[in-house]
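Down below is the structure, laid out as structure tokens.
The values are calculated or read from the model by the stated rules, or taken from the named source; none is laboratory data. Note that the coordinates shown come from a computational prediction; the quantities given were computed from them, not determined experimentally. Every residue, glycine as well, gets a Cβ built from its backbone with ideal geometry; the counts of neighbours run over all protein chains shown. We work out accessible area using only protein heavy atoms, side chains counted, and drop any ligands, DNA or RNA first. Shrake-Rupley method; radii C 1.70, N 1.55, O 1.52, S 1.80 Å.
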Amino acid sequence: MEQAIDTNQLGIDIVAKLKTIYDPEIPVDIYELGLIYDVMVSTDFEVKILMTLTSPNCPVAESLPREVEEKVKSIEHVKDAEVEITFDPPWNKDLMSEEAKLELGML
């Protein structure tokens, strides 16, 4: 009998993986930076991530979403991953976690 996959644990694993991806210009991971707006996991274990960039002219606008998709796809049980970029609402410093603000000397 196949073991049931805990979607809550899968969500924790996805967030942990996202915390290994850094904005190349800011020494903070993209999750703590507030670039991830939503992570959705379907019952088929397909992942959709809604994220933004620090600006529409971000130099990694093409490579960063691809990196997010590839790293999330590498997680056991994830069948597919898709990243959707949005600028609504636009990113601002208020979206950063307290940890990120502390790391950047903003507290």
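Quick notes on this one:
- Here is the list for the stretch 17-107: trypsin sites (Lys or Arg not before Pro) lying in DSSP coil, each with at most 16 other C-beta atoms within 10 angstrom of its C-beta, are Lys19, Lys79.
- Accessible surface comparison of Met40, Met51, probe 1.4 Å, protein chains only, largest first: the order is Met40, Met51.
- Which labelled figure in (i) 32, 15, 10; (ii) 31, 18, 11; (iii) 26, 15, 12 is semi-axes √(5λ) of the Cα gyration tensor in Å, once derived from the coordinates: (iii)
- Using a cut-off of 24 Å between Cα atoms, the listed pairs Lys17/Lys48; Lys19/Lys79; Lys73/Lys101 include Lys73/Lys101 as exceeding that distance.
- Percent carbon-and-sulfur accessible area, the chain, ignoring ligands, DNA and RNA, probe 1.4 Å: 48
- Summarising the strand pairing of the chain, around 50 percent of its internal DSSP beta bridges are antiparallel.
- Here the extension length gained between Ser63 and Ala16 equals 14.9 nm, from 0.36 nm per residue of separation less the Cα-Cα distance.
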